[in-house]
Amino acid sequence: MMHLTIVCPCFNEQEVLEQSAQQLTAVLDDLVAKEKISPDSGVLFVNDGSRDRTWEIICSLHARDARFRGVNLAHNVGHQYAILAGMMTAKEWSDAVITMDADLQDDTRCIEQMVDAYAEGNDVVYGVKVSRTADPFMKRLTAQMFYKLQKSMGVDAVYNHADFRLLSLRALEALESFKESNLYLRGMIPMIGFNSTTVDDVISERQAGESKYTLGKMLNLAFDGITSFSIKPLLAVITIGIVFVLISIGILVYVIWSLCAHTAVAGWASLMLSVWFVGGVILIAVGIVGVYVGKAYTETKSRPRYIIQDIL
Ligand code: UDP
Ligand code: MG
């Protein structure tokens, strides 16, 4: 039977932790009773440098029930890194890991569906938000805009999927071979490949406490989500440069025409021409330098060049 670990990142979650732990116990007990997971399956809470009583609560949960375990990070590193720390720790004793926010806004019924999908041979199971009515309007709007922008930039990520997902041991090992330090898991995991499927996730409201994702943290994540996976912004610079040069050619045509028609204003032509032409050339040059910087950036990430699924 498979050993499941549910990894929950926690940043100042003292209000919600007890409640979440209770709910997760019920889920674990149910799955053990149905013989879908081994009885020693558990939850790993990652304390992401909380400044409240979060870690004490995790310790007392562990004392009460050894299925609750904890990782205490030395300082606040952020959601993505906390998840990675939890997954890499749990990998040592688990067959599969589910990452889930500590506030349990995601549908806990999905856990069983993910376990079933794993049993059917999927290495990656994505929780996809089918209804976000519980999310505040602005959050929904900005998230949707972001997913669209990301798609237009050519980033291969699952639409409406946040970081609620199951990964098999094999997928975790593949993920470990990505050495990059700007983490954006939603972009990295599709790169692993392997069999994957989705389950429908109905979002509910936060049961207690407030959102720990400040606007700054969200913008940071969005920025990483695009700049770590796409060089299209660089190519845009080159395109703008080319447009500028084309405009300067247009101005040249106009200048020649006005010279012939004797309507030219002295000094105007040379100024306008050089402004657009030089501007365009500089932009193209910057863009080309950018492409090389982009390549150097890709190299320094030293991502795995292939991931083997099976060997016979
Ligand atoms: N979180 C974290 N480190 C941070 C910010 C958030 O580990 O710096 C955790 C937080 O405890 C929660 C999850 O990330 O378990 C998602 O945060 P939250 O629920 O506040 O975000 P929202 O659901 O509002 O997007
Ligand atoms: Mg939340």
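The residue among 223, 253, 242 whose Cα reaches farthest toward the positive pole of the charge dipole of the range 178-255, with charges on the beta-carbon of Lys, Arg, Asp and Glu, is 253.
Each label point was placed 7 Å from the Cα along the Cα-to-Cβ direction; for residue 33 and residue 141 their separation is 4.5 nm.
In what order, largest first, do 299, 56 sit by accessible area if the probe radius is 1.4 Å? Please list the in-between numbers first.
Numbers: 299 140, 56 105 Å².
Accessible-area ranking of 299, 56, largest first: 299, 56.
Across the chain, Cα pairs under 8 Å and at least six residues apart give a relative contact order of 18 percent. Think of the range 121-183 as having a plus end and a minus end, set by charges on the Cβ of Lys, Arg, Asp and Glu; of 164, 182, 128, 128 sits farthest toward the positive end of this dipole. Taking the dipole about the Cα centre of the chain, with the C-beta of Lys and Arg at +1 and of Asp and Glu at -1, give me whichever of 267, 286, 93 is farthest to the positive side. So the residue furthest toward the plus end is 267.
Around the Cα centre of the range 32-190, unit charges on the Cβ atoms of Lys, Arg, Asp and Glu (plus for the first two, minus for the last two) sum to a dipole of about 480 debye.
Here residue 34 is the anchor, and the lysines within straight C-alpha reach of less than 27 Å, apart from those fewer than 8 places off in the same chain, are 91, 129. To the nearest ten degrees, helix 137-152 and the longest principal axis of the Cα atoms of the chain are 60 degrees apart. Let a ≥ b ≥ c be the square roots of the eigenvalues of the Cα gyration tensor of the chain; is it rounded (a/c under 1.5), or, if not, prolate (a/b larger than b/c) or oblate? Prolate. Residue ranking by accessible heavy-atom surface, 1.4 Å probe, largest first, among 200, 95, 107 comes out as 200, 95, 107. Rounded to the nearest 10 degrees, the inclination of helix 232-260 to the longest alpha-carbon principal axis of the chain is 10 degrees. Select from the range 23-131 those chymotrypsin sites (Phe, Trp or Tyr not before Pro) which occupy a DSSP coil region and have at most 16 other Cβ atoms within 10 Å, ordered by residue number. Counting only loop positions with at most 16 other Cβ atoms within 10 Å, the chymotrypsin sites (Phe, Trp or Tyr not before Pro) in the range 23-131 are 93. Neighbours of residue 34, meaning other residues whose beta-carbon lies under 15 angstrom from its beta-carbon, give a summed charge of -3 when Lys and Arg score +1 and Asp and Glu score -1. Using a probe of 1.4 Å on the protein chains alone, the accessible area found for residue 159 is around 100 Å².
Rounded to the nearest 10 square angstrom, residue 145 shows an accessible area of 120 square angstrom against a 1.4 Å probe.
Largest GNM mean-square fluctuation across 74, 208, 143, computed for the chain with C-alpha springs under 10 Å, falls on 74. Maximal additional length on extending the residue 256-residue 236 stretch stands at 4.1 nm, based on 0.36 nm per residue less the C-alpha distance. The loop-placed trypsin sites (Lys or Arg not before Pro) in the range 232-312, going by DSSP, that have at most 15 neighbouring Cβ atoms within 10 Å of their Cβ come out as 305. Here the range 155-274 exposes an accessible surface that is 68 percent carbon and sulfur, computed with a 1.4 Å probe and the other protein chains kept in place. Taken along the Cα-to-beta-carbon direction at a fixed 7 Å, the label points for residue 51 and residue 270 span 6.2 nm. The simple spin-label model puts a point 7 Å past each Cα toward its Cβ; for residue 72 and residue 214 those points are separated by 2.4 nm.
Give me the net charge of residue 103's neighbourhood, meaning all other residues with Cβ under 11 Å from the Cβ of residue 103; Lys, Arg count +1, Asp, Glu -1. After counting each charged neighbour, the total is -4. The residues of the chain expose on average 52 square angstrom of accessible surface per residue, using a 1.4 Å probe on protein heavy atoms. Contact order for the range 168-312, expressed relative to its length and based on alpha carbon pairs under 8 Å spaced 6+ residues apart, stands at 37 percent. Sparse packing (at most 10 other Cβ atoms within 10 Å of the Cβ) combined with a DSSP loop state is found for the following trypsin sites (Lys or Arg not before Pro) in the range 173-209: 179.
The values are calculated or read from the model by the stated rules, or taken from the named source; none is laboratory data. Computed from a predicted structure; not experimentally measured. All Cβ positions, glycine included, derive from the backbone under ideal geometry; neighbour counts span all protein chains shown. For the accessible areas, the whole protein counts, side chains as well, though only heavy atoms, and no ligand, DNA or RNA atoms are used. Shrake-Rupley method; radii C 1.70, N 1.55, O 1.52, S 1.80 Å.
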